[in-house]
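One structure is given here, and the rest of the page talks about it.
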């Protein structure tokens, strides 16, 4: 049987840092999209269209990555709960 050597604090810290990363990146991505759209209000030539043709898929890929990262959070919370349960069961008393 495999054994895991991880502390509750390590998993909690990773979970918290991942959540913060996701939140910050979503906010940055939103601001960047707004700025790109605002740029299009004054930049009307073919080069802007070329820029957006590259920019849009890139931002969609970033958003997809962030959404997939969010899917990890419930697993981490469950892992935290499992560690707590294990620690409580191994305590004498």
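The values are calculated or read from the model by the stated rules, or taken from the named source; none is laboratory data. Remember, it's a predicted structure, so these values are computed and weren't measured experimentally. In this analysis, Cβ positions are derived from the backbone assuming ideal geometry, glycine residues included, and neighbour counts consider all displayed protein chains.
Some values worked out for this structure:
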quantity	calculated
Search result, residues across segment 7-52 that are surrounded by 11 or more Cβ atoms within 10 Å (Cβ to Cβ), over 15 Å from the mean Cα position of the chain (by Cα) and either without any contact (Cβ under 8 Å) to a residue 60 or more places away in the chain or not in a helix (DSSP H, G or I) (or both)	10, 32, 33, 36, 39, 40, 43, 48, 49, 51, 52
Lone unmet requirement of (1) in a helix (DSSP H, G or I); (2) modelled with pLDDT under 95 for residue 92	(1)
